[in-house]
Amino acid sequence: MTEKIIQDDEKLRIVQKYEPIGVVGGICPWNFPLVLSLIKICGGLLTGNTVIVKPSPFTPYSLLKFVEWIQPVLPSGVLQALSGDDKLGPWIVAHPGIPKISFTGSIATGKKIMQAASKQLKKVTLELGGNDASVVCPDVDIEKVAPQVALGAFFHSGQVCVASKRIYVHQDIYTDFLKALVNVVRSWKVGGVSEEGITLGPIQNEMQYNIVKGYFDDSTRRGLNFALGGEITPSDGYVIQPAIIDNPPDDSLVVTGEAFGKYFLHLHLAALS
């Protein structure tokens, strides 16, 4: 515990105390399994807490190995890792001996964690998905900006919470920008992890593959206009060819949802001032 004196005079003495919470439960994602876990671990340890981390069942090894390697450096029990299935996360959240939960993952799971943690008034930190947008103004250099926008949307095969999902392009350059974007993405090589020169690899797991496939199916049923792609062809692993949708309706699933395997990029015609 550390103390900081805010005010100390004849009338009033104010002391601010920083006390460790106790045990921090870190529930970690699969898209950047080690880096995002270390944020939880370092933050918890530096503030004087012990930490229990749960890796995703889709990517457990890197975090388990890190915790194993660091054991000789830390006192016994200060940092622990537990690996398990979908039942382990709810158990950690509900455990009365873990007063702080830090979670990175989907909005749906984040809501469940907040609801469960509220029963014990636990402190909760949630890093959830989003529906980020990019705005392209009419004075940009299209040939320079189009590759940057494409990379911002499809980086890490779109499995990034801050990746651009919606692109709003000024009406004066919409057609030219869409053409340039399609040309950029079409030039990329898409394939399995064992192939060389790959720009986009496969979806990380079957669950996420099926979620992305659902977005394709919904867009096809709604008759949306695919400027690029639109079909999922059989392949080894969970490889999906990227798709770009031309000006979909605002209420369509591809606009309102987050596939988190965003092989979708959708452009919107925007009359921006």
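The values are calculated or read from the model by the stated rules, or taken from the named source; none is laboratory data. Nothing here was measured: the structure is a model prediction, and the numbers come from that model. Ideal geometry is used to build each Cβ from the backbone, glycine not excepted, and the neighbour counts take in all protein chains shown.
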- [ ] Of the conditions (1) modelled with pLDDT under 95; (2) touching a strand residue (DSSP E or B) at 6+ places or on another chain (Cβ under 6 Å); (3) more than 30 Å from Val254 (Cβ to Cβ), Thr47 clears all except one; give me its number.
- [x] (2)
Task: Top-ranked residue of segment 31-55 - restricted to ones that are among the aliphatic types (A, V, I, L, M) and not in a helix (DSSP H, G or I), ranked as nearest to the chain's Cα centre (by Cα) - done: Leu34
Open item on the list: Residue pairs, Cβ under 7 Å, 6 or more apart or interchain, first in segment 209-235 and over 21 Å from Val182 (Cα atoms) and of a type in the set (S, T, N, Q), second assigned to a helix (DSSP H, G or I) and at pLDDT 90 or above. List them.
Closed with: none
Open item on the list: Return the residues of segment 126-160 that are modelled with pLDDT of 90 or more, under 30 Å from Val24 (Cβ atoms) and surrounded by fewer than 16 Cβ atoms within 10 Å (Cβ to Cβ); say none if nothing qualifies.
Closed with: Glu127
Task: Criterion (outside any helix (DSSP H, G or I) and either hydrophobic (A, V, I, L, M, F, W, C) or in contact (Cβ under 8 Å) with a residue 60 or more places away in the chain (or both)) met by exactly one of Phe66, Phe58 - done: Phe58
- [ ] Say whether the condition of being among the basic types (Lys, Arg) and over 30 Å from Gln204 (Cα atoms) is met by at least one residue in segment 34-55.
- [x] no
Task: Scan of segment 39-62 for residues that are surrounded by 12 or more Cβ atoms within 10 Å (Cβ to Cβ), out of contact with any Leu (no Cβ under 9 Å at 6 or more places or on another chain) and not β-branched (Val, Ile, Thr), ordered by number - done: Lys40, Gly43, Gly48, Asn49, Phe58, Pro60
TODO: Being assigned to a loop (DSSP other than H, G, I, E, B), surrounded by 17 or more Cβ atoms within 10 Å (Cβ to Cβ) and modelled with pLDDT of 95 or more is the filter here, so list the residues in segment 83-105 that pass it.
DONE: Ile98, Pro99
TODO: Select from segment 56-81 the residues that are among the charged types (D, E, K, R) and either under 20 Å from His95 (Cα atoms) or under 24 Å from the mean Cα position of the chain (by Cα) (or both) and list them in ascending order.
DONE: Lys65
Open item on the list: So the check is Cβ under 6 Å with 6+ separation or different chains; which pairs have a first residue in segment 164-186 that's small (Gly, Ala, Ser) and a second one that's part of a helix (DSSP H, G or I)?
Closed with: Ser164/Gly152; Ser164/Ala153; Ala180/Ile142; Ala180/Ala146
Open item on the list: Suppose we keep only residues that are among the polar types (S, T, N, Q) and not in a strand (DSSP E or B) within segment 111-131. Which one would you say is nearest to the chain's Cα centre (by Cα)?
Closed with: Asn131
